[in-house]
Amino acid sequence: MTLDIGTLAPDFSLKDQHGVARSLSEFRGKAVLLTFIPFAFTGTCTTELCELRDSQAEFTNDAVQTVAITCDSPFTLKEWATGEGFTYPVLSDFWPHGATASAYGVFNADFGCALRGTFLIDADGVIRWSVVNGLGDARSTDDYRAALAAL
């Protein structure tokens, strides 16, 4: 079960594609578009994160920070993020495997990966909007734009 709107988002500390520990709390003071993805190097996941990369001015700026999380290893994420030009943090929820995805209610234990869950967290760390799609169902950046506009 995913977290409810209006609840405080669980903090975490995960390594990014550069091996640097990043936490949700470091982004306090701005909104965070927290996007869980199932697997690196897959078509739908790559397309979704490339859309965020290509619209970076909207989704990573003074008011909002995009953060992606997957259960893949940090080494995999470094290659993927570098190859695709992702400059926002791509975090590894590899070990303990899926702990952060589980805290957000989006870990699929049968496949060992996160579902396509996105959480818009406000500057105070409160979840203001979320969507969770199945493994093969892409999300829409238009929905992200609408959620940000409603903040």
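Every number here is computed from the coordinates shown, using simple stated rules; none is lab data. Keep in mind that what you see is a predicted model, and the values were worked out from it rather than measured. Virtual Cβ from ideal backbone geometry, glycine too; neighbours counted across all protein chains shown.
At-a-glance table
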{"item": "Over the chain, relative contact order from alpha-carbon pairs under 8 Å, at least 6 apart, %", "result": "31 percent"}
{"item": "Pairwise FRET efficiency - Ser102 versus Ala146, Cβ, R0 = 30 Å, nearest 0.05", "result": "0.60"}
{"item": "Nearest-20 debye value, the chain charge dipole, Cβ charges on Lys, Arg, Asp, Glu", "result": "180 debye"}
{"item": "Neighbour net charge for His97 - beta-carbon separation under 15 angstrom, K R +1, D E -1", "result": "-2"}
{"item": "Glu26 versus Glu79: modelled label distance in nm, points set 7 Å from Cα along the beta carbon direction", "result": "2.5 nm"}
{"item": "Efficiency of FRET between Ala138 and His18 - r from beta-carbon atoms, R0 30 angstrom, step 0.05", "result": "0.65"}
{"item": "Considering only the chain, percent of DSSP beta bridges that pair antiparallel, nearest 5", "result": "65 percent"}
{"item": "Global form of the range 91-151, assessed from the alpha-carbon gyration tensor, a/c cut-off 1.5", "result": "oblate"}
{"item": "Footprinting exposure proxy for Asp16, Asp11, Asp93 (fewest neighbouring C-beta atoms within 10 Å first)", "result": "Asp11, Asp16, Asp93"}
